[in-house]
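S.K.: The structure is given below, and queries will be raised subsequently.
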Amino acid sequence: MRRLIGDVLEEGGVEVVAEAGDGDEAVRVVGETRPDVVTMDLEMPTMNGIEAVEAIMADTPTPILMLSAHTEDGADVTFEALDRGAVDFFAKPGGEISTGVSRLKRQLVEKVRSVATAD
């Protein structure tokens, strides 16, 4: 999924400077690369997305777009991530992954660009 989202962003003109396989690595990579925006899943090994958002905002404040197949506007995790510093959410499509993400390419690229301008 990371590669697919990275490919979709690159095809949309968004430079992907790094990828991380888990929350701990994400915190480290953000500190090293200082990206304009971070896309992050809620569910990751070793440190979940909520914990990683909190760590990134404490160490290297960066606009964060949460990606999750489990996120809905009213879900508790949405508010928790926003409360800890995430700027916005993008719901990953269910079903056939590659078809769903490709179909939503324009919206994802626009959302990433919008979040990157957050203060």
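The values are calculated or read from the model by the stated rules, or taken from the named source; none is laboratory data. A quick note: this is a predicted structure, and the numbers were derived from the prediction, not measured. All Cβ positions, even for glycine, are placed from backbone atoms using ideal geometry, and neighbour counts span all protein chains on display. Each accessible area value is taken on the protein alone, full model and side chains, heavy atoms only, with ligands, DNA and RNA left out. Shrake-Rupley method; radii C 1.70, N 1.55, O 1.52, S 1.80 Å.
S.K.: Tell me the residue from D22, D7, D41, D76 that is acidic (D, E), under 17 Å from V115 (Cβ atoms) and open to solvent by 20 Å² or more (accessible area, probe 1.4 Å), please.
M.R.: None of the others qualify; the one that does is D41.
S.K.: Can you tell me which residues in region 23-45 are outside any helix (DSSP H, G or I) and under 18 Å from V77 (Cβ atoms)? Give the steps one after another, and end with the answer.
M.R.: Going residue by residue through region 23-45, those that are outside any helix (DSSP H, G or I) are 34-45.
V38, T39, M40, D41, L42, E43, M44, P45 - these are the residues of region 23-45 that are outside any helix (DSSP H, G or I) and under 18 Å from V77 (Cβ atoms).
S.K.: Would you pick out the residues in region 25-38 that are open to solvent by 40 Å² or more (accessible area, probe 1.4 Å) and closer than 16 Å to K111 by Cβ?
M.R.: Residue satisfying the conditions is D36 alone.
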